[in-house]
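Okay, structure first, notes after.
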Amino acid sequence: MKNYYKVTGYAFILYGFLGLAISIYFGSNSDGLAFNNFNTIFVYVLYCLFITVHFLAFLSGFYLIKGAPKVHKVALPIAIIIMLNFPIGSAIGGFYLWQYSKYKDKT
């Protein structure tokens with residue numbers, strides 16, 4: 001069986017790895033802010049969401065390359081979420097959605 005999602009898998013891995021690296025770098029250099037007001041709590045919640053989305057994109061990439069059929073249950077919502085990150089996330093997410101609509105019956 002042909003794996004149509006190999007290029008998208010590599011793109012997800014690269015996007016997830018770079019996003020994780022940038023998030024961890026900026027999170028480790030946050031000067032130890034305390035949870036004393038709403039803005040700080042909001043920043044940390046947003047930081048956790050960024051790490052979660054990038055980690056799931058990273059894992060989805062590996063499973064897309066592997067050809068696991070159940071990965072689309074995770075990769076589809078992740079592709080929609082990363083489309084908010086213009087222009088790189090939009091290109092990767094849009095490419096995955098295009099491939100998914102074209103090849104969903106063949107996998």
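A few notes on this one:
Rundown of residues vs (1) of a type in the set (Phe, Trp, Tyr); (2) modelled with pLDDT under 90; (3) not in a helix (DSSP H, G or I), yes/no style:
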| position | (1), (2), (3) |
| --- | --- |
| Val7 | no, no, no |
| Asp31 | no, yes, yes |
| Leu84 | no, no, yes |
| Gln99 | no, no, no |
| Asp105 | no, yes, yes |
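- Condition met for Lys70 (of a type in the set (D, E, K, R), closer than 19 Å to Phe95 by Cβ and at pLDDT below 95): no
- Among residues of region 91-107 that are farther than 12 Å from Ala11 by Cβ, those with a Cβ under 6 angstrom from a residue that is assigned to a helix (DSSP H, G or I) and of a type in the set (A, V, I, L, M), sequence gap 6+ or separate chain, pair up as Leu97/Ala79.
- Qualifying positions in region 33-62 - modelled with pLDDT under 70 and either outside any helix (DSSP H, G or I) or surrounded by 10 or more Cβ atoms within 10 Å (Cβ to Cβ) (or both): Leu33, Ala34, Phe35, Asn36, Asn37
- Beta carbons closer than 7 Å, at least 6 apart along the sequence or on distinct chains, pair a first residue in region 7-27 that is closer than 17 Å to Lys66 by Cβ with a second that is among the β-branched types (Val, Ile, Thr) and surrounded by 14 or more Cβ atoms within 10 Å (Cβ to Cβ) for Gly9/Ile65; Tyr10/Ile65; Ala11/Ile92; Phe12/Ile92.
- Hits in region 9-29 (condition: modelled with pLDDT under 85 and either assigned to a helix (DSSP H, G or I) or within 20 Å of Gln99 (Cβ to Cβ) (or both)): Ser23, Ile24, Tyr25, Phe26, Gly27, Ser28
- Hits in region 53-90 - residues which are small (Gly, Ala, Ser) and under 13 Å from Ile13 (Cβ atoms): Ala57, Ser60, Gly61, Ala75
The values are calculated or read from the model by the stated rules, or taken from the named source; none is laboratory data. Quick caveat: nothing in here was measured; it's all calculated off a predicted structure. Quick reminder, even Gly has a Cβ in these numbers, built from the backbone with ideal geometry, and neighbours come from all protein chains shown.
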